[in-house]
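The values are calculated or read from the model by the stated rules, or taken from the named source; none is laboratory data. Note that the structure is a prediction, hence the values are computed from the model and not measured. Cβ placement follows ideal geometry from the backbone for every residue including glycine, while neighbour counts extend to all protein chains displayed. Areas reflect the complete protein model, heavy atoms only, side chains present, ligands, DNA and RNA absent. Shrake-Rupley method; radii C 1.70, N 1.55, O 1.52, S 1.80 Å.
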Amino acid sequence: MNFGAYLRALREEKKLSVNQLAMYSEVSAAGISRIENGKRGIPKPPTIKKLAGALKIPYEEMMLAAGYIEEASPVPLIKEAEMALSKIREAAEQYELGDLEIFDGDIWSTLSKEEIEGLNRYLLFMLNIRSSS
């Protein structure tokens with residue numbers, strides 16, 4: 001779907017006329033019409049920001065549809081999780097405890113939600129005891 005068709009679909013989904021969107025966004029009705037009809041290229045980011053605000057959708061979503069940004073990859077989140085696990089393992093190995101069952105990934109899949117929440121509560125309890133002494 002091209003950006004003009006995308007903009008039209010959003011506007012119609014919000015049940016707005018071209019003139020209403022123009023009034024809310026402070027982008028001319030003629031400009032909006034030209035974008036929707038493909039007679040004008042993709043608008044510049046400041047115009048997209050105005051349109052996103054008027055349509056009450058995330059600016060990033062419209063920037064993605066316009067091709068200005070690429071969809072975020074989940075890779076950074078995976079790297080953060082791996083770093084957190086690595087820090088936990090390093091802390092355990094510092095005390096020669098790197099072979100504890102807690103590091104066996106298969107065990108985690110056998111635990112219920114309640115058991116994992118209980119482990120988290122116990123960790124918070126231990127941290128609270130340490131900080132109050």
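Think of each Lys and Arg Cβ as +1 and each Asp and Glu Cβ as -1; about the Cα centre, that makes the dipole of the chain roughly 1580 debye.
Pairs with C-alpha atoms separated by more than 19 Å, drawn from the list Lys14/Lys56; Lys87/Lys113; Lys14/Lys39; Lys15/Lys39, are Lys87/Lys113; Lys14/Lys39; Lys15/Lys39. Measuring nothing but how far apart in sequence close Cα pairs (under 8 Å, 6+ apart) lie, relative to its length, the stretch 21-124 scores a relative contact order of 14 percent.
Note on Lys56 and Glu115: the extension gain reaches 17.2 nm, defined as 0.36 nm multiplied by sequence separation minus the Cα-Cα distance. Modelled spin labels at Glu71 and Asn128, positioned 7 Å past Cα toward Cβ, are 4.2 nm from each other. In this structure Arg34 has an accessible area near 110 Å², from a 1.4 Å probe over the protein heavy atoms. Scoring 48-58, 97-107 by mean Cβ neighbours within 10 Å over their residues and listing the highest first yields 48-58, 97-107. Rolling a 1.4 Å probe over the protein heavy atoms gives the chain an accessible area of 76 Å² per residue.
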